[in-house]
Amino acid sequence: MDEQIDVSIRPQKERSNMVALIKAQNITKDYQTEEVVVHALREVDFEIEPASFVSFVGPSGSGKTTILNLIGCLDKPSAGNLRIADTDVIGLDRKNSAAFRGKHLGFIFQDFNLIPVLTVYENIEYPLIMVQNIPPQERKERIARLLAAVDMTDQAHKYPHQVSGGQKQRVAIARALVTNPALVLADEPTANLDSQTAYAVIGLMKKMRDDFGTTFIFSTHDTKIVGEAEVIFRLEDGRLTAKEMKGGAKSG
């Protein structure tokens, strides 16, 4: 990919002019397990707009994680069409999939996935060096801005084992946002947090959505996230059974 990547943090209003950030049509995903075919997703259709706060919910085995893996360009569907940021991601090869992730996507994990030998500052800096090769002065400015946004400036030189679980997740949020992604995928991001900390982290992610126009998509069982989500997609047995909008409106 030779195009110049825009690495500035853009406000929500600039992204809101986009058409659907994600458009999935007839997405099917089958896995072959010895002699058994597992139908993880069955002809799933959905659209997600820019600057959305979305949760995919359903019982274990319903297809939540599979959808996150497909949106994250970590896997490809067996059939169907999937466009993200106006790109046909199914047609990307391995190298271009990695480049697409580095430009457009951020990830937050339930186990934080911080690098233990790096400081808080260095963990946030890591994708700017390894993924986007951002110049030192710009790295410094961007990291300082995000440290302040997640209220971790005074913890910048501590190591992951020296901060709390909630603080680790704040660092993970900053790391996910530092590359200026249009979309952040979060797999059970509050699973290892107590209720008070979980609500604080959810509130922080909503604020970051409002400030930066980033879309957050969750795969979760956590009722706290489901309660705060503005769009909820319900899955069962690999099928999308309902879409619920904040305010009680529903569509099948």
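The values are calculated or read from the model by the stated rules, or taken from the named source; none is laboratory data. From a predicted model like this one, the values you see are computed outputs, not experimental measurements. For neighbour counting, all protein chains shown are included, and Cβ atoms are generated from backbone atoms with ideal geometry for every residue, glycine included.
Show me the strands (runs of 3 or more DSSP E) found entirely inside the range 188-252 where at least 1 residues are touching a Ser or Thr at 6+ places or on another chain (Cβ under 9 Å), over 17 Å from I108 (Cα atoms) and not acidic (D, E). Show your work before the answer.
Details: elements: 215-219, 231-236, 239-245.
Output list reads 231-236, 239-245.
Any residue in the range 224-243 that is surrounded by 19 or more Cβ atoms within 10 Å (Cβ to Cβ), without any contact (Cβ under 8 Å) to a residue 40 or more places away in the chain and over 15 Å from P181 (Cα atoms)?
No, the range 224-243 contains no residue that is surrounded by 19 or more Cβ atoms within 10 Å (Cβ to Cβ), without any contact (Cβ under 8 Å) to a residue 40 or more places away in the chain and over 15 Å from P181 (Cα atoms).
Can you give me the number of residues within the range 114-152 that are outside any helix (DSSP H, G or I), free of Cβ contacts under 8 Å to residues at least 60 places away in the same chain and more than 25 Å from G203 (Cβ to Cβ)?
Residues flagged as outside any helix (DSSP H, G or I), free of Cβ contacts under 8 Å to residues at least 60 places away in the same chain and more than 25 Å from G203 (Cβ to Cβ) within the range 114-152 amount to 8.
Go through the residues of the range 172-195 one by one and say whether even a single one is at positive phi and either touching a strand residue (DSSP E or B) at 6+ places or on another chain (Cβ under 8 Å) or crowded, with 16+ Cβ neighbours inside 10 Å (or both). Working first, answer last.
If we filter the range 172-195 for residues that are at positive phi, which is where we start, we get 180, 188.
When the remaining residues are screened for being either touching a strand residue (DSSP E or B) at 6+ places or on another chain (Cβ under 8 Å) or crowded, with 16+ Cβ neighbours inside 10 Å (or both), the result is 180, 188.
Checking the range 172-195: at least one residue is at positive phi and either touching a strand residue (DSSP E or B) at 6+ places or on another chain (Cβ under 8 Å) or crowded, with 16+ Cβ neighbours inside 10 Å (or both).
Please go through the range 19-47 and pick out each residue that is of a type in the set (F, W, Y) and at pLDDT below 95. Can you show your working first?
To start, the set of residues in the range 19-47 that are of a type in the set (F, W, Y) comprises 31, 46.
Answer for the range 19-47, where residues must be of a type in the set (F, W, Y) and at pLDDT below 95: just Y31.
Could you check how many residues of the range 82-113 are among the hydrophobic types (A, V, I, L, M, F, W, C), assigned to a loop (DSSP other than H, G, I, E, B) and touching a residue at least 40 places away in the same chain (Cβ under 8 Å)? Steps first, please.
Step one: of the range 82-113, the residues among the hydrophobic types (A, V, I, L, M, F, W, C) are 82, 84-85, 89-90, 92, 98-100, 105, 107-109, 112.
Within this subset, residues satisfying the condition of being assigned to a loop (DSSP other than H, G, I, E, B) are 85, 92, 112.
Narrowing further to those that are touching a residue at least 40 places away in the same chain (Cβ under 8 Å): 85, 112.
Summing the residues that are among the hydrophobic types (A, V, I, L, M, F, W, C), assigned to a loop (DSSP other than H, G, I, E, B) and touching a residue at least 40 places away in the same chain (Cβ under 8 Å) in the range 82-113 gives 2.
Cβ-Cβ distance below 7 Å, separation of 6 or more or different chains: which pairs start in the range 180-204 with a residue that is within 18 Å of Q167 (Cβ to Cβ) and end on one that is acidic (D, E) and at pLDDT 90 or above?
I202/E228
Which of the residues belonging to the range 235-249 are within 15 Å of I67 (Cα to Cα), of a type outside the set (G, A, S) and either touching a Gly at 6+ places or on another chain (Cβ under 6 Å) or modelled with pLDDT under 90 (or both)?
L235, E236
If you take the residues in the range 155-187 that are among the β-branched types (V, I, T) and outside any helix (DSSP H, G or I), which one is farthest from I202 (Cα to Cα)?
Step one: list which residues in the range 155-187 are among the β-branched types (V, I, T), which gives 163, 171, 173, 178-179, 184.
After this cut, where a residue has to be outside any helix (DSSP H, G or I) as well, the list is 163, 178-179, 184.
Numbers: V163: 19, V178: 18, T179: 20, V184: 13 Å.
Checked the range 155-187; the qualifying residue farthest from I202 (Cα to Cα) is T179.
What residue, of S16, S60, S8, is at pLDDT below 90, over 19 Å from the mean Cα position of the chain (by Cα) and of a type in the set (S, T, Y)? Before you say what the answer is, go through the steps one by one.
Working: S16 fails: over 19 Å from the mean Cα position of the chain (by Cα); S8 fails: over 19 Å from the mean Cα position of the chain (by Cα).
Criteria check complete, one pass: S60.
Quick check, is G61 more than 30 Å from Q137 (Cα to Cα) and either in a loop (DSSP other than H, G, I, E, B) or in contact with a Gly (Cβ under 9 Å, 6 or more places away or on another chain) (or both)? Walk me through it before giving the result.
On the way: more than 30 Å from Q137 (Cα to Cα): yes; either in a loop (DSSP other than H, G, I, E, B) or in contact with a Gly (Cβ under 9 Å, 6 or more places away or on another chain) (or both): yes.
Considered against the rule, which asks whether it is more than 30 Å from Q137 (Cα to Cα) and either in a loop (DSSP other than H, G, I, E, B) or in contact with a Gly (Cβ under 9 Å, 6 or more places away or on another chain) (or both), G61 comes out as yes.
Which numbered condition in (1) surrounded by fewer than 21 Cβ atoms within 10 Å (Cβ to Cβ); (2) modelled with pLDDT under 95; (3) over 17 Å from V57 (Cα atoms) is the only one that A144 fails?
A144 satisfies every listed condition except (2).
In the list A149, A172, which residue meets the criterion of being among the small types (G, A, S), within 24 Å of E230 (Cα to Cα) and touching a Pro at 6+ places or on another chain (Cβ under 8 Å)?
Numbers: A149 fails: touching a Pro at 6+ places or on another chain (Cβ under 8 Å).
None of the others qualify; the one that does is A172.
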